[in-house]
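The values are calculated or read from the model by the stated rules, or taken from the named source; none is laboratory data. All figures in this text were calculated on a predicted structure; none of them were measured in a lab. Methodologically, a virtual Cβ is constructed for each residue, glycine included, from the backbone with ideal geometry; neighbour enumeration extends over all protein chains shown.
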Amino acid sequence: MGRLLLEEKLVPDEILCSTAARARETAEEVKEASGFAGDVRFSRTLYLAGSREILAAVRTVAPAAGTAMVIGHNPGIEELLDALTGAGKHLSTAALARIALPVERWRDIGSRTSGTLVHLWRP
């Protein structure tokens with residue numbers, strides 16, 4: 001998925017990641033394969049978090065970041081995808097969903113924000 005981010009020109013400006021071992025491994029692999037130059041922000045609150053906790057973490061993304069990536073766990077990630085887009089899609093391990101959000105600042109994202117699922121990649 002890291003190479004895919006690079007090929008699709010989707011390397012994020014910021015990565016938020018659960019502290020779980022598999023999530024950390026994924027973040028490191030994504031960072032290396034995509035050329036992400038920033039620091040991954042690891043957060044205990046993302047470990048088995050529900051959609052509300054994930055959304056709260058996303059609201060803390062730096063205002064200058066145009067693209068952010070969250071590496072977390074189901075069912076919370078799927079619930080957030082559904083809440084933001086209404087897509088109702090299953091996210092398998094290492095799936096990548098690109099969402100477009102109609103907000104100016106990350107802190108403005110709400111559980112009723114009407115985003116669009118632009119693309120879903122599965123390994």
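Figures for the structure shown
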| quantity | calculated |
| --- | --- |
| Evaluation of PRO12 against (1) more than 21 Å from ARG122 (Cα to Cα); (2) surrounded by 15 or more Cβ atoms within 10 Å (Cβ to Cβ); (3) of a type outside the set (Lys, Arg) (one fails), failing number | (1) |
| Close pairs (6 angstrom Cβ cut-off, 6 or more residues apart or separate chains): within 15 Å of LEU46 (Cα to Cα) and touching a residue at least 24 places away in the same chain (Cβ under 8 Å) in segment 57-80, acidic (Asp, Glu) and surrounded by fewer than 17 Cβ atoms within 10 Å (Cβ to Cβ) anywhere | none |
| Residue that is more than 20 Å from LYS9 (Cβ to Cβ) and touching a strand residue (DSSP E or B) at 6+ places or on another chain (Cβ under 6 Å), where the choices are THR19, THR60, THR116 | THR19 |
| Within segment 1-32, considering residues that are of a type in the set (Gly, Ala, Ser) and either at pLDDT 95 or above or part of a loop (DSSP other than H, G, I, E, B) (or both), the one nearest to THR60 (Cα to Cα) | SER18 |
| Qualifying residue in segment 86-105 (condition: touching a Leu at 6+ places or on another chain (Cβ under 6 Å), more than 25 Å from ARG24 (Cβ to Cβ) and hydrophobic (A, V, I, L, M, F, W, C)) | yes |
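Residue-wise test of (1) hydrophobic (A, V, I, L, M, F, W, C); (2) closer than 20 Å to GLY2 by Cα; (3) touching a Cys at 6+ places or on another chain (Cβ under 7 Å).
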| site | (1), (2), (3) |
| --- | --- |
| VAL40 | yes, yes, yes |
| ALA64 | yes, no, no |
| GLY76 | no, no, no |
| LYS89 | no, no, no |
| SER92 | no, yes, no |
| VAL103 | yes, no, no |
| THR116 | no, no, no |
| LEU120 | yes, yes, no |
